[in-house]
Amino acid sequence: MGPPNANIKASGNSPDSYLRKQVQDHIHITIPCYYTQHFKTKKDKTFLIGLNWYTTAHKFLRNNVKQELHKLIVNDLKDTAFDKIEGPYEVAYVYHYKNMCSDMPNVTALSSKYFLDAAQDVGLVKEDNVL
């Protein structure tokens with residue numbers, strides 16, 4: 001999920017950030033699970049993008065994070081050579097936290113939503129709803 005202090009606006013030049021590779025019928029993308037909020041007059045703040053943050057964050061900050069993650073995921077998915085996925089599919093997540101006591105389901109909920117929304121927007125999946 002990128003280095004612990006990853007900034008979503010980073011160019012992705014480091015070898016471990018925003019990596020996309022295809023293996024047989026799998027699509028692997030890496031997105032950050034941390035976001036760095038920049039301020040003009042005070043120290044930057046880095047936080048884990050999870051439900052605990054989401055429930056207390058300002059709506060404009062939540063929207064900025066969603067838009068930036070969406071842009072990263074869409075750019076990675078557009079580079080894939082896969083056809084549209086028909087039928088059931090699996091999504092697996094691997095996380096790299098600064099704090100090993102972090103609650104993975106809190107982060108998985110938002111990562112899953114952002115990924116599936118982007119996959120639907122690029123036409124990789126027809127619908128991201130569970131039927």
Residue count, the stretch 36-67 (criterion: within 19 Å of H96 (Cβ to Cβ), modelled with pLDDT of 90 or more and buried (at least 17 other Cβ atoms within 10 Å of the Cβ)):
2
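Condition check: surrounded by 13 or more Cβ atoms within 10 Å (Cβ to Cβ) and under 17 Å from A118 (Cα atoms). Does L77 satisfy that?
yes
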When (1) at pLDDT 90 or above; (2) touching a Ser or Thr at 6+ places or on another chain (Cβ under 8 Å); (3) surrounded by 15 or more Cβ atoms within 10 Å (Cβ to Cβ) are applied to S17, the one that fails is (1)
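Please enumerate the residues belonging to the stretch 56-104 that are part of a helix (DSSP H, G or I), farther than 21 Å from K126 by Cα and in contact (Cβ under 8 Å) with a residue 24 or more places away in the chain.
Going through the stretch 56-104, the residues part of a helix (DSSP H, G or I) turn out to be 56, 59-78, 104.
Still in the list and also farther than 21 Å from K126 by Cα: 56, 59-65, 68, 104.
Answer for the stretch 56-104, where residues must be part of a helix (DSSP H, G or I), farther than 21 Å from K126 by Cα and in contact (Cβ under 8 Å) with a residue 24 or more places away in the chain: L61, V65, E68.
If you take the residues of the stretch 20-35 that are at pLDDT 50 or above, within 15 Å of the chain's Cα centre (by Cα) and closer than 19 Å to L116 by Cα, which of them is surrounded by the fewest Cβ atoms within 10 Å (Cβ to Cβ)?
H28
Could you please let me know if K78 is over 17 Å from T46 (Cα atoms), at pLDDT below 85, out of contact with any strand residue (DSSP E or B) (no Cβ under 8 Å at 6 or more places or on another chain) and not acidic (D, E)? Full working, then the answer.
Numbers: over 17 Å from T46 (Cα atoms): yes; at pLDDT below 85: yes; out of contact with any strand residue (DSSP E or B) (no Cβ under 8 Å at 6 or more places or on another chain): yes; not acidic (D, E): yes.
Yes, satisfied.
Just wondering, is there one or more residues in the stretch 97-113 that are β-branched (V, I, T), touching a strand residue (DSSP E or B) at 6+ places or on another chain (Cβ under 9 Å) and farther than 20 Å from H26 by Cβ?
Start the filter on the stretch 97-113 by keeping residues that are β-branched (V, I, T), which leaves 107-108.
Then keep just the ones that are touching a strand residue (DSSP E or B) at 6+ places or on another chain (Cβ under 9 Å); that gives 107.
Okay, now just the ones that are also farther than 20 Å from H26 by Cβ, so 107.
Yes, some residue in the stretch 97-113 is β-branched (V, I, T), touching a strand residue (DSSP E or B) at 6+ places or on another chain (Cβ under 9 Å) and farther than 20 Å from H26 by Cβ.
The values are calculated or read from the model by the stated rules, or taken from the named source; none is laboratory data. Note that the structure is a prediction, hence the values are computed from the model and not measured. Positions of Cβ are generated from backbone atoms using ideal geometry, with glycine treated the same way; all protein chains shown enter the neighbour counts.
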